[in-house]
Each structure stands twice: as structure tokens, then as C-alpha cells.
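Here the structure is laid out as C-alpha cells; the discussion comes afterwards.
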Amino acid sequence: MRFVLIFLFLVIGGGYFFAEYKADEIARSVIEAKVTEITKRPVLIQSMKIDFLKEKVTFNNITVKNNDGFPGSLLKVKKLIIMTDLQSLAKETVVIKEVILSGSKFQYKVEIRD
């Protein structure tokens, strides 16, 4: 009986530690890679926090680099908050309840040649 309680404590504690600390890092690197692949531009996310209880994902300092030859970044977002139904992440259709975007700067330059 004692072994079962210790094992159960370790499993629950390990699951909590993973969800609280490591899941954010893994999700951030996967999202960076996928968005970089889709946009064909380097995308950097400084930090990301997943709050499972509030069903909220918060991104801080997202930067989308500009194409070569153009200075600066195409897009900078200071904070992006996505309220979602986390249960829908396992389904075919993901439900997003609310998106809050703050501190965004968009810079698009075009070079015209005759």
C-alpha cells in the first residue's frame, strides 16, 4: 500500500512539473518551427505560458523577421493572449473563444524596380 501511494505521488508530481515547466518550452519551440515553416520567415517567441486551468495561452514578444535585404522586422507583437477550449485541441476543430493582441507593430517595405 505504501508503494502505491509513493508511486501515485511521484506520477502526479511529475505530471504537474511537466505541465508547469517543460510543456511551455516544448510547445513554444514546436509553434516557432511550424510558423517559421508556414510563413517562410524566421519567427521568434521570447516566452509562452499555458494556463491549463484558465484555458489561456499567453505569448510574449513575438517577432517575425523581414525578408533579406529589408531592415527591421515585419511584425512585432508585445503580448498575444488566446482564450481557448483546451478540450477542443484533441479534436479536428479547435475552438478559440477570444484573442487579445497588444503592442503590435507592422512594417512592410516594398522595393519597386523599373
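The values are calculated or read from the model by the stated rules, or taken from the named source; none is laboratory data. Nothing here was measured: the structure is a model prediction, and the numbers come from that model. Reconstructed Cβ throughout: ideal geometry from the backbone, glycine too, with neighbour counts over all protein chains shown. Surface areas here come from the heavy atoms of the whole protein model, side chains and all, with no ligands, DNA or RNA. Shrake-Rupley method; radii C 1.70, N 1.55, O 1.52, S 1.80 Å.
Before moving on, here are some points about what is shown:
- Ligands, DNA and RNA left out, the 1.4 Å accessible surface of segment 11-114 is 59% carbon and sulfur atoms.
- Value of relative contact order over segment 40-114, rounded to a whole percent, pairs C-alpha under 8 Å and six or more apart: 25
- The orientation-averaged projection of the convex hull spanning the C-alpha atoms of the chain amounts to 10.1 square nanometres.
- Förster-model FRET efficiency, 25 Å R0, I96 and V30, C-beta, rounded to 0.05: 0.90
- Per residue solvent-accessible surface (Å²) - the chain, probe of 1.4 Å: 79
- Cross-link pairs K54/K109; K22/K56; K34/K54 - those with Cα-Cα distance over 27 Å: K54/K109
- Note on D85: accessible area approximately 40 square angstrom, rounded to 10, probe 1.4 Å, nucleic acids and ligands left out.
- The calculated FRET efficiency for Y108 paired with F18, based on their beta-carbon distance and R0 = 35 Å, is about 0.30.
- GNM flexibility winner over the chain from K76, K54, K65 (Cα, springs under 10 Å): K54
- Cut-off 14 Å between beta-carbons: net charge of the residues surrounding N66, Lys and Arg +1, Asp and Glu -1: +4
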